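Have a look at the structure below before the remarks.
The values are calculated or read from the model by the stated rules, or taken from the named source; none is laboratory data. In this text the structure is predicted, and so the values were computed from the model without any measurement. In this analysis, Cβ positions are derived from the backbone assuming ideal geometry, glycine residues included, and neighbour counts consider all displayed protein chains.
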Amino acid sequence: MRKLSIVTATMMAALMLLAGAPAMAGSPKGVCQSGGYNKVVLANAMAKYWSWYYGGAGSQQIGNLFLVPLPTNGVPISDDPLIFQGNTSFTVRTGKTLVLPMSFYLGETYVDNNPPPDDPANYPIDYKASTLLLKVDGRVIVDSSRTKLDCVYIDLTYFPQPIVYPEPTSYGSNAAIWMFGLGILLPPMSPGRHIIDMQVVSPLREVFGVDLGYYNTWYVTVVKP
């Protein structure tokens with residue numbers, strides 16, 4: 001079992017896809033109030049992300065998609081809920097849509113099938129009950145206090161093929177087989193420097209005994225080809 005938060009090489013690290021022009025970054029309404037997302041395209045994009053992130057498969061740029069790196073310097077700033085804070089920077093070309101994980105859970109298989117593969121029924125996590133605030137350059141993109149999170153929610157999705165890890169984890173898992181959670185694909189940004197700020201806390205207490213969150217900041221430089 002691999003829960004996506006933001007931070008280290010432990011089990012914590014953290015998508016949504018823009019469907020049309022009304023949900024452009026910086027919309028004062030926020031993305032969920034501006035028309036929402038294509039769920040099938042969103043899930044497909046997220047599957048590509050995890051194949052790259054955990055399986056080392058493919059490029060960080062896939063067509064017009066750019067897979068946003070996750071911070072690796074996260075530090076705990078709260079014990080209950082357990083919140084990690086981190087930041088990172090990256091450079092991307094103009095015209096690229098940013099695939100950004102927010103809060104996810106990935107089911108796994110294990111070496112020698114011991115234990116058996118993760119069963120989604122054992123992880124009753126309501127990601128749509130998360131608290132979430134996502135901003136780009138100070139403008140609200142998603143705000144759970146103003147709208148439901150259905151538009152950024154990816155329902156249980158099995159990967160077409162298991163995402164095999166380069167090597168087993170410290171707890172014996174060797175591949176990811178399904179996912180569900182929250183995520184976003186941000187539309188292409190203008191040339192220059194931008195800041196993405198995200199604060200999310202998801203209700204994992206029933207499964208892990210504590211809610212889990214992360215406060216992440218990305219410093220983005222957009223350049224022309």
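In table form, for the structure just shown:
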quantity	calculated
Filtered residue count, the stretch 75-118, keeping only those that are closer than 20 Å to residue 43 by Cα, of a type outside the set (Ser, Thr, Tyr) and within 19 Å of the chain's Cα centre (by Cα)	10
Within the stretch 125-174, strands (runs of 3 or more DSSP E) holding 2 or more residues that are at pLDDT 95 or above and within 15 Å of the chain's Cα centre (by Cα)	131-136, 153-164
One residue from 198, 179, 189 being part of a loop (DSSP other than H, G, I, E, B) and surrounded by 17 or more Cβ atoms within 10 Å (Cβ to Cβ)	189
Residue list for the stretch 49-91, restricted to those being touching a helix residue (DSSP H, G or I) at 6+ places or on another chain (Cβ under 7 Å), farther than 18 Å from residue 225 by Cα and hydrophobic (A, V, I, L, M, F, W, C)	57
